[in-house]
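Visitor: Below: one structure in structure tokens.
The values are calculated or read from the model by the stated rules, or taken from the named source; none is laboratory data. Everything numeric here is computed off the predicted structure, so don't read it as measured data. Cβ atoms come from the backbone with ideal geometry, glycine included; neighbour counts cover every protein chain shown. Note: areas computed on protein heavy atoms with side chains; ligands, DNA, RNA excluded. Shrake-Rupley method; radii C 1.70, N 1.55, O 1.52, S 1.80 Å.
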Amino acid sequence: FDHMIDLMEKKIDETGVQLLWGTANAFSHKRYMSGASTNPDPEVFAYIGAQVKDCMDATKRLGGQNYVLWGGREGYETILNTNIKKELGNLARFLELVVNYKNKINFKGQILLEPKPHEPTKHQYDFDSASCLALLRKIGLEEEIKLNIEVNHATLSGHNFEHEIAYAIANDALGSIDINRGDTLLGWDTDQFPNNPADLIMAFYFIFSNGGFNNGGLNFDAKIRRQSIDPEDLFYAHIGGMDTCAKTLLAVEKLINDNVISQYITDRYKNWEEKLGKVIHSKNTGLDTLHQIVVENDLKPQAKSGQQEMLENILNKYL
């Protein structure tokens, strides 16, 4: 391992290519078949702790901007043999240990947690952005750990990519993204590269409307796939993926500058800035207050169209 890091460090110095993030493989080996930090065997917990220490040390040495915790098996198959409370407590302890070690070695990068709903584990604790954020808030680490969101993991969770991005941004939790997609007709991780700006435009819109990344970036899964096995396939994938991202960024720049979507959203919620909206959010307001307002003003709210079709047509013009 140290020899490999020596070679990587040499190549980084030679090429100027920088490291976006480091991580540990807590997935492939049989020892992790029942989880890593959520494994029922404390020896496995200790082993992944030692493995992550080595990988964090390597990431710092190589100048990595982030360190990703990817718990592909942090979950369970059947409740018949599982103590959920114990496993969640052990996962929380593991995250605490990672943050403590980051501070001990003075690693300046961001710690990232990557949501993944299932595949191979049936019930995974890091299901989506919301469940990850709930866990981080419960253990008080929401300021220390942000999220690394993957396109395919979003769709596997029943969401889409832009939802996961928007949710993370709304909760100040976005760190970085994996840009590889999956096949929506298949229920597993196919590690395909982006090839359609329509799949990315709203995710990029939210990211760059909110100032872009801090330490994050776009990560491609750099490996050959099940039926794309030639080395040249990696080049085709990267070239096409980067061209797709570039084309999307050009569209997003114009979308942001024209201010059509953001102005529509602002107008849709503008009444919350008026008197009733302020009364609702006043600490002195109760349900009885709202009842009085409705009765005295004979309120009869009218349904208003969200005009989704119009907005979709507008978005298509930018693509």
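Visitor: Would you mind telling me the antiparallel percentage of the DSSP bridges in the chain, rounded to 5?
Guide: In the chain, DSSP labels about 15 percent of beta bridges as antiparallel.
Visitor: Next question. With the full set of protein chains in place, find how many percent of the accessible area of the chain is carbon and sulfur; take the probe as 1.4 Å.
Guide: C and S fraction of accessible area: 54 percent.
Visitor: Also, I was wondering about something else. Pick from K60, K278, K86: which is most flexible by mean-square fluctuation in a GNM of the chain where alpha carbon atoms under 10 Å apart are linked?
Guide: Comparing K60, K278, K86 in a Gaussian network model of the chain, the most mobile one is K278.
Visitor: Quick check: Cα centre of region 249-301 to Cα centre of region 23-90, how many Å?
Guide: Value for the Cα centre distance between the two parts: 43 Å.
Visitor: Read phi for every residue in region 163-173 and hand back ³J(HN,Hα) as whole Hz from Karplus 6.51 cos²θ - 1.76 cosθ + 1.60, θ = phi - 60°, with x for Gly and Pro.
Guide: 5, 4, 5, 4, 5, 5, 5, 4, 10, 6, 10
Visitor: Quick one: among L156, L290, L185, which has the greatest mean-square fluctuation in a GNM of the chain with alpha-carbon springs under 10 angstrom?
Guide: Greatest mean-square fluctuation among the candidates belongs to L290.
Visitor: Right, here's the next one. Excluding ligands, DNA and RNA, what is the solvent-accessible area per residue of region 112-169 at a probe of 1.4 Å, expressed in Å²? Mind showing how you got there, number by number?
Guide: Working: 2010 Å² over 58 residues.
With the other protein chains kept in place, region 112-169 gives 35 Å² per residue.
Visitor: Build a GNM of the chain with springs between Cα atoms under 10 Å: which of L255, L186, L234 gets the top mean-square fluctuation?
Guide: Answer for the Gaussian network model of the chain: L186.
Visitor: Give the angle, between 0 and 90 degrees and rounded to the nearest 10, that separates the Cα long axis of helix 197-209 from the longest principal axis of the Cα atoms of the chain.
Guide: Compared with the principal axis, the helix lies near 80 degrees.
Visitor: What accessible area per residue comes out for region 194-319, rounded to a whole number of Å², with a 1.4 Å probe?
Guide: Per-residue value: 74 Å².
Visitor: Any aspartates and glutamates with Cα under 17 Å of the K30 Cα? List them, leaving off those in the same chain fewer than 8 positions away.
Guide: The qualifying aspartates and glutamates are D41, E43, E74, E77, E119.
Visitor: Here is a further query. Could you tell me which label, among (1) 166; (2) 124; (3) 195, carries the value of volume of the Cα convex hull per residue in Å³ calculated for this structure?
Guide: (3)
Visitor: So which lysines pass the test for K254, namely a Cα distance under 27 Å, with those fewer than 8 places away in the same chain ruled out?
Guide: Qualifying lysines at Cα under 27 Å: K270, K317.
Visitor: Sticking with this one: If I fit a long axis through the Cα atoms of helix 308-318 and take the longest principal axis of the Cα atoms of the chain, what angle between them do I get, 0 to 90°, rounded to 10?
Guide: Taking Cα atoms only, the helix is inclined about 50 degrees.
Visitor: Here's another thing I want to ask about it. Per DSSP helix of 4 or more residues, -39500 (n - 2.57); summed, then divided by the residues of the chain. What does that give at 222 nm, rounded to the nearest 500?
Guide: Calculated at 222 nm, the ellipticity per residue is -15500 deg cm²/dmol.
Visitor: For the chain, take the longest principal axis of its alpha carbons; what is the angle in degrees between that and the long axis of helix 42-61, to the nearest 10 within 0 to 90?
Guide: It works out to around 90 degrees.
Visitor: Still on this structure, please answer the following. Within the chain, what's the longest run with no GluC sites (Glu not before Pro) in a DSSP loop and at most 16 other beta-carbon atoms within 10 Å? Give the range, please.
Guide: Longest gap between qualifying sites, sites excluded: 144-273.
Visitor: Round to the nearest 10 and report in Å² the accessible area of Y67, as given by a 1.4 Å probe over the protein chains' heavy atoms.
Guide: 0
Visitor: Convert each backbone phi in region 69-76 into a coupling constant with the Karplus relation 6.51 cos²θ - 1.76 cosθ + 1.60 (shift: θ = phi - 60°), then list the ³J(HN,Hα) values in order as whole Hz, x for Gly and Pro.
Guide: So the Karplus estimates, Gly and Pro as x, are 9, 10, x, x, 10, 7, x, 8 Hz.
Visitor: Points 7 angstrom from Cα along the Cβ direction at A246 and Q292: gap in nanometres?
Guide: Result for the modelled spin labels: 6.4 nm.
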